[in-house]
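Have a look at the structure below before the remarks.
The values are calculated or read from the model by the stated rules, or taken from the named source; none is laboratory data. Bear in mind the structure is a predicted one, so any value in this text is a computation, not a measurement. Counting neighbours? That spans all protein chains shown, and the Cβs are built from the backbone with ideal geometry, glycine included.
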């Protein structure tokens, strides 16, 4: 079994991108065509992973390039807040907020058009998810009065509106 695992690991370590000169960037919007300037900028700055090659624990503490300065000074200033936190995506950001403000067993109100990651984040915290219904196709409107009614009924710790 260990030999098979070793072979699988070796196989993964040998993965290589077959078409390094081809870049697929929003192909439906642009027909897969990049201008020379866009291609040059992408080749120079598009590999976000190279920044992490020598990270020691936290991307937001990288000094060169000056990511720490950006996250700790420029981003909060731009957003008009005291502190900005970078997450690995919207699901993690939602989880952080839910985990900070609610406890397992608490309720959260979400619109029925919510993204599935909202439910994943809420379940990870142990929250009861209560959906506010929508009007259905074609508009999928969420009625504010439904929110008000469910707030009175369930006293949720949080509300999340995905699509205003």
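Values for this structure:
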{"read-out": "Test set (1) touching a strand residue (DSSP E or B) at 6+ places or on another chain (Cβ under 9 Å); (2) over 30 Å from residue 74 (Cα atoms) - residue 103 fails condition number", "value": "(1)"}
{"read-out": "Residues of the range 50-79 that turn out to be loosely packed, with under 11 Cβ neighbours inside 10 Å, at pLDDT below 85 and closer than 25 Å to residue 121 by Cα, as a count", "value": "1"}
